[in-house]
Structure formats: structure tokens, C-alpha cells
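The values are calculated or read from the model by the stated rules, or taken from the named source; none is laboratory data. This is a predicted model, so every value here is computed, not measured. Cβ placement follows ideal geometry from the backbone for every residue including glycine, while neighbour counts extend to all protein chains displayed. These area figures cover heavy atoms from the full protein model, side chains too; ligands, DNA and RNA do not enter into them. Shrake-Rupley method; radii C 1.70, N 1.55, O 1.52, S 1.80 Å.
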Amino acid sequence: MKDEYDVLIVGGGMVGATLGCALGGSRLRVAVLEDAPPREFSPEQPHDLRVSAVSVASASILKTVGAWPGVTGRRFCPFRRMRVWEGAGDVEFRSEDINEPVLGYIVENRVIQWAVLDRLKAFANVELLCPVKTRKIDYTPQGSTVELEDGRVLKGRLLIAADGGYSRVRQAAGMGVSGWDYEQHALVLTVDTAYGQQDITWQRFVPAGPQAFLPLDGPHASLVWYETPEQVKRLKALPDADLMRELRQTFPDCLGDIESISARGSFPLKRQHALSYTKAGVALIGDAAHMIHPLAGQGVNIGLLDAAALAQTLMDAHRLGRDLGSAPVLNGYEDMRRSNNLLMMTTMDMFYRVFGNANPPLRLARNLGLGLAERFKPAKQLAMRYAMGLGGRLPKLARGEAIVG
């Protein structure tokens, strides 16, 4: 016996579960498969290492599908200012300059995931299967099956890959990727600071790589230190007192005094882009479609925009009675997202390579560019809107418009 669905979403992380929520309340039968739930949340727990800078557009998606109260009812930090500098070049973006209350929010990934997973339970047409282990994925253009380790077999007209950068769904569908390693690692630290609640996120460029500060609620912060793999390995192994000493010596004075380090971790930087996002019967979203340099924290944001665009494409097709798994329908989703994602990925690559070059004339040009950006208001405002996710072709959910009902 096979359980049959219109849409099978493999991966119940932030992006996959958001897609499930976006299709919630429709006449489509949807299943979301997740191998393990996130660790239970308690406000007394230390902050997680894995956090995201949630853009205004992404927050709008979560609000429109009804998941945002699950974020605000747990833990989050709005930020209203964003500073970027190198040497003499210095630019600060302020939400008040474009009459917006915030530029975005720093939220722990686990909080976002719980918010969307909890919201899924409200929809009668969406079945959350968690925890489940996938034994086998059989893809065909006419419909795919997923065999679980408990013996159940699920069949779906449309198979969605929301299962990360090493997607089994993408591999089962024979969809290739291009990419490269940046030969740089990121050291991530959760720290307690002498400062109280902050509303600024900043990034300073130095020859070895950027240094970033992300405020968390209360006197807490997430630090990201980009360095060579060897240097990150050395720093990660240091005792807390020695690591705090290195942070004070290396990070700028505006960091303030670090009182303690509560967590540390590291990850390599990699770029990856699927050669196509769709083929008949299957679509890729989130990291299954693209892995981007984390320089500006846009990874989760473009993933949530994928989910919103795909949901809109499917609901439009369903209302017209079209086949959800047909290549022409799915091509509409790829047309909405691929060029925007490629632009964002290319922009992050450009920043990485331009600011990572120690050539003195180029450094002078960078400093002049940042200085001009501070003084040229139209360009500054345009950059802010793109950082907030409000530029380009936005799906309806990102504009606060419902797609179901």
C-alpha cells in the first residue's frame, strides 16, 4: 500500500517546513518528511551557535503563513543599524533613513524551525512525518516514491528537495551542481558582553577575512571570524581565557568587553549552485538548490523566498487545473528565482574577492567606495532595500499577500 500525496517535501528544516506552511489550508495533500526534530527550546537555555539574519521580506513570509508568533514568543533580536567598514571607508545603514522600523532580525535557526513546525500542525491538509528515516527515493517524471525505514511507502506527484546541500532527492533525480570551496573557514562564537541589548550588526573587513558581530537578545552576541582553515583550527582549540584575549586584540573596540564564551564551532565556506532547479516531477529549494557565501547572511533569506515563490507557482497552477509536476509549471518557479539567486551569489563572491585582496590601490578604491556610499543617499537607500529583501521580483508572501483562500 502507498500513501499518496500531491506534494512530498523531503526536509522539514526552516525552508521545507515554511513551504509546507505556505501550502497549508489548500486542497493539496502535502507531506513533510524530517528525520529529526530540533532540540526542545527553553528561554533559560544558552543561545544556539546557528543563527540567521532574517530579512524584512523573510519575516513577512513567516508572518503571512502564521509562523511569526512562534518566533516572537520564543527569542529574537531586531536590529535597526548595520555598519560596514575597512580602514577609512565606513558606511552605516539605519532603518529610520528609509522610514522602516527595523532592518531585520537575528534569530536562532532552531527557533525558526520550531515556529514553522508548530504552525504545520494547524493544517489538516499537511502531514508532518517526524522523526522518519528515508531508506530509498525513486524518482520518475510522472511521480516519485519515498520508502521509509519503517516500511511505509509514500508516493507524490511532485517531489521537493528541501534536504540540504548534499540533497539525496537531487541526487536521485540526477540533477548536477557546480561550485567551489573558498579555502576559508568561519569560526562562530556565542558570547556574553559587558554591553546590554544592542540594535546594530556590523562587519569589518581585514586582510585575513571579515569579522562580524550579530546582536542577540540581552547582553549576548554571535561573532563570526573568517580566517584560514589552519588559523580557525588553532583558535577553536584555545582555552576560553586565551580565545577571549585574542578576540580583544583582533576585533575592533566597538565589540566591547567579552565576559564569557558560551559556545564555539566552525564550518568551511563553500559555493554551490544546481545546474537547474526543476525537471518534470521535482523541484529544489534552499540549500538543495544553492549554497551561498555567508558574508551577508542571505542563505536562509533566499531559501525562504524560494519556498514562497514555489508555493505561489503551485497554487496558481492548481487553481487553473494544471499538472503540478509538469515541466512548464515548474519552470515558472525557476524563472522567478534562479536569476535573483545567481545575482545574490555573484554579489557575495564579488565582495569576498574584492575585500579579500590586499593590493594597496584596490584597498584605496574600496575605502573610497564605502565613503561614497555613506554620502550618496539614493545608492545607500537602494542597498538597504536589497539587504532587507525588498528589491527585485518578490513573491506574494514576501509582500504580505495570502496565496491560499
### Task
Could you size up the charge dipole of the stretch 15-169 around its Cα centre, putting +1 on the beta carbon of Lys and Arg and -1 on that of Asp and Glu, and report it in debye to the nearest 20?
540
### Message
Could you compute how much accessible surface residue 96 exposes when probed at 1.4 Å, giving the result in Å² to the nearest 10?
### Response
130
### Message
Please give the charge dipole size of the stretch 173-245, origin at the Cα centre, charges +1 on K and R Cβ atoms and -1 on D and E Cβ atoms. Round to the nearest 20 debye.
### Response
120
### Summary
Rounded to whole Å, √(5λ) for the Cα gyration tensor eigenvalues of the chain, largest first, gives 37, 23, 21
## Note on the structure
PRE zone check, label point 7 Å out along Cα-to-Cβ of residue 267, amide N under 12 Å, scope the stretch 38-77, hits 49-53
#### Entry: For the stretch 159-217: relative contact order, % (alpha-carbon pairs under 8 angstrom, 6 or more apart)
19
### Message
Can you give me the distance in nm between label points at residue 208 and residue 121, each placed 7 Å from the Cα along the Cα-to-Cβ direction?
### Response
4.6
### Query
If you take all C-alpha pairs in the stretch 300-341, what percent of them are over 13 Å apart?
49
### Task
May I ask for the angle, rounded to the nearest 10°, between helix 327-355 and the longest principal axis of the chain, with both axes built from Cα atoms and the value confined to 0 to 90°?
10
### Query
If ligands, DNA and RNA are left out, what is the accessible area of residue 44 with a 1.4 Å probe, given in Å² to the nearest 10?
150
### Query
Averaged per residue, what accessible surface does the chain expose to a 1.4 Å probe, in Å²?
42
### Message
At 0.36 nm per residue, and after removing the present C-alpha to C-alpha distance, how many nm does the segment from residue 149 to residue 335 gain when stretched out fully?
### Response
63.4 nm
## Note on the structure
So, relative contact order of the stretch 203-321 in percent, Cα under 8 Å, 6 or more apart, is 14
## Note on the structure
Longest principal axis of the chain (C-alpha) makes with the long axis of helix 360-375 (C-alpha) an angle, in degrees to the nearest 10, of 80
### Query
What does the charge dipole of the chain about its Cα centre add up to, to the nearest 20 debye, if the Cβ of each Lys and Arg holds +1 and the Cβ of each Asp and Glu holds -1?
900
### Query
When the accessible area of the chain is split by element with a 1.4 Å probe, what percent falls to carbon and sulfur?
53
### Query
Using a basic spin-label model with each label point 7 Å from the Cα along Cα→Cβ, how many nm lie between residue 250 and residue 234?
0.9
### Query
If you take the charge dipole of the chain about its Cα centre, with +1 on Lys and Arg Cβ and -1 on Asp and Glu Cβ, which of 141, 197, 254 is farthest toward its positive end?
141
### Summary
Amide H neighbours of residue 125 at under 5 Å, excluding residues fewer than 5 places away on the same chain, with H built from the backbone geometry, are 25
#### Entry: Where only alpha carbons of the stretch 157-275 are counted, the Rg and the Dmax (Å)
17.9, 57
### Query
Relative contact order for the chain using alpha-carbon pairs under 8 Å, separation at least 6, rounded to a whole percent?
23
## Note on the structure
With Cα coordinates, the longest principal axis of the chain makes an angle with the long axis of helix 299-319, in degrees rounded to 10, of 30
### Summary
Which of 63/270; 121/396; 270/396; 133/155; 63/396 exceed 20 Å between C-alpha atoms? The answer is 63/270; 121/396; 270/396
### Task
Leaving ligands, DNA and RNA out of it, rank 277, 195 by accessible area with a 1.4 Å probe, largest first.
195, 277
### Query
Taking +1 at the Cβ of each Lys and Arg and -1 at the Cβ of each Asp and Glu, which of 45, 391, 238 sits farthest along the dipole of the chain towards its positive end, judged by Cα position relative to the Cα centre?
391
### Task
Would you please give the FRET efficiency between residue 260 and residue 183, computed as 1/(1 + (r/R0)^6) with r the Cβ-Cβ distance and R0 = 35 Å, to the nearest 0.05?
0.65
### Query
With the chain treated as a Gaussian network of Cα nodes joined by springs under 10 Å, which of 297, 87, 209 yields the largest mean-square fluctuation?
87
